[in-house]
Amino acid sequence: MITETSNDIKSVQEQANLWITRLDKGLSSAEKQQLIAWINQDKAHYAALQKISSLWSDITTKHELSGLFTQDDDKKSHRDYLMKGCLTAGLVSVALLTVNLVNDVSNIWLPHQHNITQHLAYQKYSSDYGQQKEISLDDGSIVELNTNTIIEVAFNKLQRKITLIRGEARFDVAKDKNRPFTVISGQNSFTALGTIFNVQRESINSAELLVKEGSVLVAQANTPVKELLNAISSSKPKAVRNSTNIISAGEKIAIANNISSAKQSLSTQEVKQELAWQQGILIFDGEPLKQVLKEVQRYNAIKFMPIDQDMAKLRVSGYFKTNDINALLQSLHYNFAIDAKEVTSNTYALSSVLNKNQ
């Protein structure tokens, strides 16, 4: 029988302390994968990290840890009580407090918690300019990435969590009534159990949600998993604390700076238009030229020089392939007498032929 020596335990504690320090500073994608691999090597690694992490509940480390595993709320009060007791005993050094806590509370974490990481999965996926990429996840869900998009996938036994770092993605969610499927975009979360929805992240503070099937709960990114699960486990989803809205099939909502727009009901044709990118097509139906150019730039590594106000307001309609710049430029020439000139590599200036002739 092999027993763990005190030196082994000390080594694990030192490594756990080192990971906590790195978490506080922020982990790179490679470091996150290294941490997950270290956690899965031995249940003692997970236990040590959990024990030490209880000391850091008021700083940014907690947010980093939440992306890797979820702690039971019913243990939180126990940890908070223990931490306060240690602090009132006069332990003023965080390092010293950590060592003492690890030695004193070896039985805080229940055995079943060690199994959380057995199914922990972390992956990062991306698409290039103009590329649409379909991804099959371990739970059977399908994700389709739009152009220039990055997502991070972190699954455990309690939650399926996707972080949309940039871009746009369509999620066809496999049903699992015990594990919420949540997409994080900036400060917002979009949660469903089994549905199809589309999320576009325009900036760190803005996002757009379109639901094709089912319903999606919109809430703050830090909403506890249990609250999300309770809200969507019934046949009629209900709002939770800090929720924005429950968006149903055929509805769309935009969020900017934590302020959501009114729900917008879309026709079948409008939904088709919004999701046309999945067939590599852009459909415009009277959108201003300024908006059209912005959308085209999402799919191609090009840039349009600023245009004047009159030109910006021109209404554009038509079907275009996402990567066919020439078709768009020809359409502008024939329909609006607008010429395009490549002033530098992949940078175009638009000008009106009519103005030139005047």
Any chance Glu274 is touching a strand residue (DSSP E or B) at 6+ places or on another chain (Cβ under 6 Å), buried (at least 16 other Cβ atoms within 10 Å of the Cβ) and modelled with pLDDT of 90 or more:
yes
Just to be sure, is Ala262 of a type in the set (A, V, I, L, M, F, W, C), surrounded by fewer than 16 Cβ atoms within 10 Å (Cβ to Cβ) and in the same structural domain as Val143 (by TED's automatic domain parsing)?
yes
Complete set of residues in the range 245-272 that are in contact with a Lys or Arg (Cβ under 9 Å, 6 or more places away or on another chain) and free of Cβ contacts under 8 Å to residues at least 12 places away in the same chain
Ser261, Glu270
Applying the selection to the range 323-338, what residues are surrounded by fewer than 15 Cβ atoms within 10 Å (Cβ to Cβ) and under 15 Å from Asp308 (Cα atoms)?
Ala337
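Scan the range 34-46 for residues that are loosely packed, with under 15 Cβ neighbours inside 10 Å and in contact with a strand residue (DSSP E or B) (Cβ under 6 Å, 6 or more places away or on another chain) and jot them down. Steps first, answer last, please.
As a first pass, look at the range 34-46 and keep what is loosely packed, with under 15 Cβ neighbours inside 10 Å: 34, 37, 40-42.
Matches in the range 34-46: none.
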Output yes when any residue across the range 320-333 is under 22 Å from Thr147 (Cβ atoms) and among the small types (Gly, Ala, Ser), and no when none is.
yes
Given the conditions (1) under 22 Å from Leu275 (Cα atoms); (2) out of contact with any strand residue (DSSP E or B) (no Cβ under 7 Å at 6 or more places or on another chain); (3) not aromatic (Phe, Trp, Tyr), every one holds for Lys157 apart from (1)
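Tell me, which residue of the range 147-161 that is in contact (Cβ under 8 Å) with a residue 40 or more places away in the chain and within 14 Å of the chain's Cα centre (by Cα) is farthest from Asp176 (Cα to Cα)? Walk me through it before giving the result.
The initial filter retains those residues of the range 147-161 that are in contact (Cβ under 8 Å) with a residue 40 or more places away in the chain, namely 147-148, 152, 154, 156-159, 161.
Next, from what is left, pick out any that are within 14 Å of the chain's Cα centre (by Cα): 152, 154, 159, 161.
On the way: Glu152: 20, Ala154: 16, Gln159: 10, Lys161: 13 Å.
Within the range 147-161, the match that is farthest from Asp176 (Cα to Cα) is Glu152.
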Taking the range 236-254 as the region of interest, how many residues are surrounded by fewer than 18 Cβ atoms within 10 Å (Cβ to Cβ), touching a strand residue (DSSP E or B) at 6+ places or on another chain (Cβ under 6 Å) and modelled with pLDDT under 75?
1
Select the strands (runs of 3 or more DSSP E) contained entirely in the range 244-358, then report the ones holding at least 1 residues which are closer than 28 Å to Gly186 by Cα.
245-248, 251-256, 281-288
Could you tell me which of the residues Gly140, Gly167 is among the small types (Gly, Ala, Ser), more than 22 Å from Lys226 (Cα to Cα) and in a strand (DSSP E or B)?
Gly167
The range 120-137 - residue that is part of a strand (DSSP E or B) and of a type in the set (A, V, I, L, M) and, of those, farthest from Ala221 (Cα to Cα):
Ile135
Could you list, in sequence order, the residues of the range 282-296 that are surrounded by 14 or more Cβ atoms within 10 Å (Cβ to Cβ) and of a type outside the set (Phe, Trp, Tyr)?
Leu282, Ile283, Glu287, Pro288, Leu289, Lys290, Val292, Leu293, Glu295, Val296
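The values are calculated or read from the model by the stated rules, or taken from the named source; none is laboratory data. Since we're looking at a predicted model, the values are computed, not measured. When we count neighbours, we look across all protein chains shown, and the Cβ atoms used for this are built from the backbone with ideal geometry, even at glycine.
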